[in-house]
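Structure first, then comments.
The values are calculated or read from the model by the stated rules, or taken from the named source; none is laboratory data. Small disclaimer: the values here were computed from a predicted structure and weren't measured. Positions of Cβ are generated from backbone atoms using ideal geometry, with glycine treated the same way; all protein chains shown enter the neighbour counts. Please note that ligands, DNA and RNA were not included when accessible areas were found on the heavy atoms of the full protein model with its side chains. Shrake-Rupley method; radii C 1.70, N 1.55, O 1.52, S 1.80 Å.
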Amino acid sequence: MSTTKRDIANLLSDKYRVSQVDSKKIVQGTFDMIIETLLKKGRIELRNFGVFMVKNRKARKARNPKTGEPVMVPERKVVTFKPGRVMIEKIK
């Protein structure tokens, strides 16, 4: 079972005793700022959490799984995440 944005907002609301509406705005605002920073700078480092980076994935040859025909996949940008040391240690 996965955790949703709503679940995170509800947990924060309970923990910090703020309204659910306010906690949802804070969670959404945090996600929006991460995206905005990635668009502007291409990298955001959150100490003890990890690093999000925008990388270019090169164009490549692939195959259509239905027909087996070769196709070219164009170059594109992808977001990567590298967990921080603290996160890695806690997950172990």
Candidate aspartates and glutamates - alpha carbon under 14 Å from LYS61, same-chain residues fewer than 8 apart omitted = GLU69, GLU75
Using Cα positions and a limit of under 25 Å, work out the lysines in reach of LYS66, with same-chain residues fewer than 8 apart set aside.
-> LYS58
Mind checking which of SER19, THR80, THR4 is farthest towards the positive end of the chain's charge dipole, using Cβ charges of +1 (Lys, Arg) and -1 (Asp, Glu) about the Cα centre?
-> THR80
Solvent exposure of the chain as accessible area per residue, Å², 1.4 Å probe = 89
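With +1 on the Cβ of every Lys and Arg and -1 on the Cβ of every Asp and Glu, and nothing else charged, how large is the dipole of the chain about its Cα centre, in debye rounded to the nearest 20? Present the calculation step by step, with values, prior to reporting the outcome.
Numbers: 23 positive and 9 negative charges, 94 e Å.
Dipole size: approximately 460 debye.
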Given a 1.4 Å probe and every protein chain left where it sits, what share in percent of the accessible area of segment 1-72 is carbon and sulfur?
-> 56
When the chain is treated as a GNM, springs tying every alpha-carbon pair under 10 Å, which of ARG47, ARG63, ARG76 comes out with the largest mean-square fluctuation?
-> ARG63
Build a GNM of the chain with springs between Cα atoms under 10 Å: which of THR30, THR67, THR80 gets the top mean-square fluctuation?
-> THR67
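Starting from the Cα-Cα distance between ILE26 and LYS55, subtract it from 0.36 nm times their residue separation and give me the gain in nm to one decimal.
7.7 nm
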Quick calc, segment 9-49, dipole around Cα centre from Cβ unit charges on Lys, Arg (+) and Asp, Glu (-), nearest 20 debye, gives 100
Partner lysines whose C-alpha sits under 24 Å from that of LYS15, ignoring same-chain residues fewer than 8 away, are LYS5, LYS24, LYS25, LYS90
Say we join alpha carbon atoms closer than 10 Å with springs in a Gaussian network model of the chain; which of LYS66, LYS15, LYS77 then has the biggest fluctuation?
-> LYS66
For the chain, which semi-axes, largest first and in whole Å, follow from the square roots of 5 times the eigenvalues of its Cα gyration tensor?
-> 35, 17, 16
